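One structure is given below, encoded as structure tokens.
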Amino acid sequence: GDSEWYDLQLERRLPLVGPMLNEVVCALPPLGNGRVCDVGCGTGRCAVEIRKAYLRCTLCLLDADKDRVETAKNRVAEPVEVIVEPFVVGAPSLPGAPYDCVTLVLALRHSTRPAPHYAERLGLPLHTGTVEESYRAALTTIFCSLRPGGTL
């Protein structure tokens with residue numbers, strides 16, 4: 001829930017997140033005016049870094065937690081689209097698709113296996129089956145959300 005607490009804990013418990021985000025941004029292809037979906041955007045840390053490097057792309061912030069999405073929206077310069085919905089693993093595509101690029105930073109595990117308290121609060125399904133099956137379904141949904149030549 002609490003966005004400030006979330007960011008504080010992320011900094012403390014995962015101090016390499018900042019350098020990792022720089023590496024993610026440097027690994028992206030040229031985005032130009034493309035549409036980029038940040039799945040499980042949380043408080044927008046990845047989206048902020050993408051925006052610093054790519055001023056013209058449209059960033060779509062996708063997360064089930066409305067408070068975190070609101071924090072992210074306030075941190076990221078326009079153009080921004082906001083979708084407050086869960087990433088539904090196994091859905092035909094992501095909401096708002098197609099995208100030129102999809103980022104999924106620190107979110108795959110939480111999308112496929114949300115903590116029970118988080119799933120309950122946000123009405124997320126608890127997945128059954130193996131981790132491999134869940135990851136395959138999640139990545140299939142994402143790949144089906146990309147434009148031809150798109151990047152994950």
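Below, the figures for the structure above:
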item: Net charge contributed by nearby residues that have their C-beta within less than 15 Å of Ile83 (K/R +1, D/E -1); result: -3
item: Where the chain is the region considered: accessible area per residue in Å², 1.4 Å probe; result: 54 Å²
item: Estimated vicinal HN-Hα couplings, Hz - segment 62-67 in sequence order (Karplus 6.51, -1.76, 1.60; Gly, Pro = x); result: 10, 7, 7, 8, 4, 5
item: Glu81 long-range amide H proximity, modeled H, under 5 Å; result: Leu59, Cys60, Leu61
item: Option label - Cα Rg over 2.2 N^0.38 Å computed here, alternatives [x] 1.33; [y] 1.10; [z] 0.99; result: [z]
item: Top of Cys41, Cys26, Cys60 by mean-square fluctuation, Gaussian network on the chain, Cα under 10 Å; result: Cys26
item: Carbon plus sulfur fraction of accessible area for the chain, probe 1.4 Å, in percent; result: 57 percent
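The values are calculated or read from the model by the stated rules, or taken from the named source; none is laboratory data. Keep in mind it's a predicted model, so treat the numbers as computed, not measured. Because the Cβ atoms are built from the backbone with ideal geometry, glycine has one as well, and the counts that use them run over all protein chains shown. Surface areas here come from the heavy atoms of the whole protein model, side chains and all, with no ligands, DNA or RNA. Shrake-Rupley method; radii C 1.70, N 1.55, O 1.52, S 1.80 Å.
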